[in-house]
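Read the figures in this text as sums done on the coordinates, not as results from a lab. The structure presented is a predicted model; accordingly, all values stated were derived computationally and were not measured. A quick note on method: Cβ atoms are made from the backbone with ideal geometry, for glycine too, and the neighbour counts reach across all protein chains shown.
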Amino acid sequence: MRNRRKITPTDIPLIVLDDETTEYARRLAEAGTPMAVVSDQYAPVLPFMVGNNGYTVAMVADVEDPIQLADVLGRVESRIGPVTRTVRGHRSTPAA
């Protein structure tokens, strides 16, 4: 059975994967940093699903759709804790 205990990091970014953010997400994953990654395409998310260290939540969703975004945020919070910021391209914005 999978360990569902929440970790207690101070920073859990939600990284919207694109050409600019994928390498950043890879570096965080290699360091074991808790994070969430999301894309509206399956292919960019797949590497984060395979070999997951338990600290990465990887999902396929359209974050421009408020219902899908709410689902992503809820799942991340239930698995590793609340999202503290969103990373998109060169921007990093605090969570509301």
Fill in the blank from the handout: Any residue on another chain or 5+ positions along whose placed amide H is under 5 Å from the amide H of ASP62 is listed here as none
Handout entry: Debye log10 I(q)/I(0) at q = 0.16, 0.18, 0.21, 0.26 Å⁻¹ for region 20-96, Cα point scatterers
Key = -0.54, -0.70, -1.00, -1.61
Fill in the blank from the handout: With the 8 Å Cα cutoff and a minimum separation of six or more residues, region 13-94 has a relative contact order in percent of 35 percent
Handout entry: Full-extension gain in nm, TYR42 to TYR24, via 0.36 nm per residue minus C-alpha separation
Key = 4.7 nm
Practice task
Please arrange THR33, THR86, THR10 by counting, for each residue, the other beta carbons lying within 10 Å of its beta carbon, fewest first.
Solution key: THR10, THR33, THR86
